[in-house]
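Report on one structure; see the data block that follows.
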């Protein structure tokens, strides 16, 4: 039996899902002693980056399942995982899923006070945390008992693990949370089937160039990490996982690990683009794979100028300079990117184009009344897909408010062109009505500023309605060689459309630390807007 046969068998088996890939792989018995997953920190006697084989991974998971079972954890029990290292999240997820419990993965960047309130809303039966996060919870009441430190679970007896729980398609297998940029993170519950639906689709396609050996720069507790792990297990892809997503650390890991592909979020690509990539050894990378928010053109262009890819020419198969970048648009609730487009040297379809929908997606753009819109009209994305999360944990009101005609309302504003390509212009909460049928789109404004100002490394546009007036601040982070004293107001306003430019109050050069970020690295525009309104009220 070949690896290709395994991909087909898993894709065609309706019982396989996000909660049991590992046990099904073990049952197939192929490639059990080949290196597969590696973590950036020591765990279970493995040094940092020493890979686990499938057999070793199964043993580590059974040890944790036995320890958790001994603590009384059983099926349908929500258990929070609050730790820094990606190994703790991945191994805990696999162990809890084996028991039929529900791992609730919590981003380590969420502070202790907010974490406690979030955990209390979930109604967890226990909390698995590392030492720093146990300390962060001290003095707060999460409404759930603290279990032994997460790093101690690997000492359990793997032979004492109970038989794997038999999952049903709608069984909840994970709770992850939204980015938290607008306030308290929302707890999103994923099913056994939904977290595997996109993987099943991919297994039936040829494995793309760059997926032979992947580096994950995704946040450890995110649904995208769970998908990446299960995709690696299903397709027998080598996967190295980072616990932190800072640009310099990702570049160091690429040079050390020599991956053929790197998967991450837009915030990480922006950080990578701040560096002089020509001075880094990135030739192994053929593919950059983005999920979550779509990426900016200037960041994509800097990345695809690096790396190398295989191509078939008249001289045969050769290695060419330059790499590919797969962009798209997804969210925690969508469960997987619903769109995709591939950029490479010579491609020109940008302007926040996220491509066309995947084959498993049925979407439309709707107006404020929920009715579908036509070509070229900006509306909110309403999408249906087997990847969609079940809803919000312990919040049926929010769950049903985001549903219309069987579709999920994502909060993303987009339009579709005549060729069926979709373009993302903003999040609904960040755009502002200007009157006379005009609207200011902050994300599209950022795209235009970045494209027009080559010495700007990143840009944040914040628009606030102050009474009858809309006021816009444009915050610029400059490249290392840029002149911070230069006045860029004229260049910035020229890049914007006329209606948006008329609202600009100031163009400011700021440091990265001046921009508040959520746990996953997204800009907290709601906090920037509040700061503006507070400053006005204080005058």
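For every helix of n ≥ 4 consecutive DSSP H residues, a contribution of -39,500 (n - 2.57) applies; sum these over the chain, divide by its total residues, and give [θ] at 222 nm rounded to the nearest 500 deg cm²/dmol.
Roughly -8500 deg cm²/dmol at 222 nm, from the helical runs in the chain.
Give me 293, 170, 327 ranked fewest to most by other Cβ atoms within 10 Å of their Cβ, as a rough exposure proxy.
170, 293, 327
Please grab the % of Cα pairs in region 144-228 that end up more than 16 Å from each other.
Distances greater than 16 Å cover 73 percent of the Cα pairs.
Out of the DSSP beta bridges found with both residues in region 436-537, what percent are antiparallel (nearest 5)?
Around 70 percent antiparallel, to the nearest 5.
Applying 1/(1 + (r/R0)^6) with R0 = 22 Å to the Cβ-Cβ distance of residue 466 and residue 497, what FRET efficiency is obtained, to the nearest 0.05?
0.60
Averaging over all projection directions, find the projected area of the Cα convex hull of region 208-426 and quote it in nm² with one decimal place.
That works out to 13.4 nm², a quarter of the Cα hull's surface.
Ratio of region 349-499's C-alpha Rg to 2.2 N^0.38 Å, to two decimals?
So the Cα radius of gyration is 1.21 times the expected 2.2 N^0.38 Å.
Please report the antiparallel percentage of DSSP beta bridges with both residues in the chain, rounded to the nearest 5.
Looking only at bridges with both residues in the chain, the antiparallel portion is about 65 percent.
Which three extents, in whole angstrom, do the alpha-carbon atoms of region 201-296 cover along their principal axes, largest first?
The Cα atoms of region 201-296 stretch 38, 25, 23 Å along their principal axes.
Based on the inverse mean of 1/r over its pairs of different Cα atoms, what is the Kirkwood hydrodynamic radius of region 393-434, in Å?
Averaging 1/r across every pair of different Cα atoms and inverting gives 12.5 Å.
In square nanometres, what is the average projected area of the Cα convex hull of the chain?
Mean shadow area of the hull around the Cα atoms is 26.2 nm².
Roughly how far apart, in whole Å, are the Cα centres of region 81-153 and region 410-457?
Centre-to-centre distance over Cα atoms comes out at 37 Å.
Rounded to whole Å and ordered largest first, report the semi-axes of the equivalent ellipsoid of region 482-528 derived from its Cα gyration tensor (root of 5λ).
Rounded to whole Å, the semi-axes are 23, 16, 8.
May I ask you to work out the translational diffusion coefficient for region 343-398 at 4 °C, viscosity 1.567 mPa s, via Stokes-Einstein with Rh from the Kirkwood sum over Cα pairs, reported in whole µm²/s?
It comes out at roughly 91 µm²/s.
If you take every DSSP beta bridge fully contained in region 208-426, what fraction is antiparallel? Give it as a percent rounded to 5.
Roughly 70 percent of the DSSP beta bridges within region 208-426 come out antiparallel.
Averaged across orientations, what area in nm² does the convex hull of the alpha carbons in region 436-537 project?
The directionally averaged projection comes out at 7.1 nm².
Considering every pair of different Cα atoms, what Kirkwood radius, in Å, is found for region 1-138?
16.2 Å
Values in this text are rule-based calculations from the coordinates and carry no lab data. Here the structure is a predicted model, which means the values were calculated and not measured. Reconstructed Cβ throughout: ideal geometry from the backbone, glycine too, with neighbour counts over all protein chains shown.
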